[in-house]
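Beneath this line is the structure, given in structure tokens, with notes to follow.
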Amino acid sequence: MTARPGGDRIWLFGVPIDRVTRQQALTRAEAWLGGGACRLVFTPNPEIIMAARRDTDLRRVLAGADLSLADGVGVAWAASRCGRPVPERVPGVDFAGDVLALAAARDLPTYLLGTRSAVVARAADAARSQHPRLRVAGWHDGYFPWERAPEVADAVRASGARLLLVGMGAPREQRFLAQQRERLAGVELALAAGGTLEVLGGAARLAPAAVRRAGLEWLWRLVREPSRLRRQMALPAFAWAILTARAPLWDDAEGP
């Protein structure tokens, strides 16, 4: 189970992971703002990587990310196990806070898409409270029928947003961004933000700082929400796949 040297992007079972620090990720995001293209940022975890092993189309979607961050301890462990450690974990919720602060500082219209209507409205209020200069261009819940996705993308574009945070859960949010990328003209940075909007909107809580530092968020969530057990069975399956696969990882120069 070896990895070839070179490059700052690795591929874990066909899913890209960028070996960047949180500050390096933010520097890349800042450089893209003003460039005109719609850049996508994903934060794959073991659950979605295992889903992508079974789903060729999902692998294609994830491979289209301009920046793919090692959000959780499982992905960071896997990269280290394969000899290509990431410099640090970059939790999606933290990175979302970074780009919201950046949007506020640069007066970039921002759109929030996902979760329930009442929650995303509260998330917009909370984001403005945390970043008083933030200009929220609009928001929309994430519970629309899939056939309305183009209409929702058109609404985002019409709002004039340049930053888009999408929190509809994986893989729905990644598929939405990949499929609607062209319709999102004007959006220069789009982040698949996972549960960030629910945290901002008060519908979910972050694990305590000590738990997060220890990489035990998964256990904290499981204790609070036993119904997550079935989903979190992906964690041991992922670990076993890493331990037993002959070649789970490739460098960017080689690709999956």
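Any read-out appearing in this document is the output of simple, stated calculations on the displayed coordinates, not a laboratory observation. Here the structure is a predicted model, which is why all the values come from computation and not from measurement. Please note: Cβ atoms are built from the backbone with ideal geometry, for glycine as well, and neighbour counts cover all protein chains shown.
Work out which trypsin sites (Lys or Arg not before Pro) in the chain are exposed loop sites (DSSP not H, G, I, E or B, at most 12 other Cβ within 10 Å) and give the longest gap free of them. If you can, show how the numbers build up before the last one.
Values: sites that count: 133, 205, 246.
The reported range is 1-132.
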Which whole-number percentage describes the relative contact order of segment 9-251, with Cα contacts under 8 Å and a sequence gap of 6 or more? 26 percent
What nm distance separates the two modelled labels at residue 243 and residue 182, each placed 7 Å from Cα along Cα→Cβ? 4.6 nm
Is any residue of segment 158-174 close enough, with backbone N under 18 Å, to a label point placed 7 angstrom from the Cα of residue 133 along the Cα-Cβ axis, and if so, which? 162-163
In whole angstrom, the spacing between the Cα centers of segment 77-116 and segment 19-44 equals 9 Å
Rg(Cα) of segment 9-251 divided by 2.2 N^0.38 Å? 0.97
Only Cα pairs under 8 Å and at least 6 apart count here; give the relative contact order of segment 1-145 as a rounded whole percent. 22 percent
Using a 7 Å offset from Cα along Cα-Cβ at residue 224, what residues in segment 96-121 end up with backbone N under 16 Å from the label point? none
Relative contact order (percent) for segment 82-218, with alpha-carbon contacts under 8 angstrom and 6 or more residues of separation? 29 percent
What is the fewest-to-most order of 48, 17 by other Cβ atoms lying within 10 Å of their Cβ? 48, 17
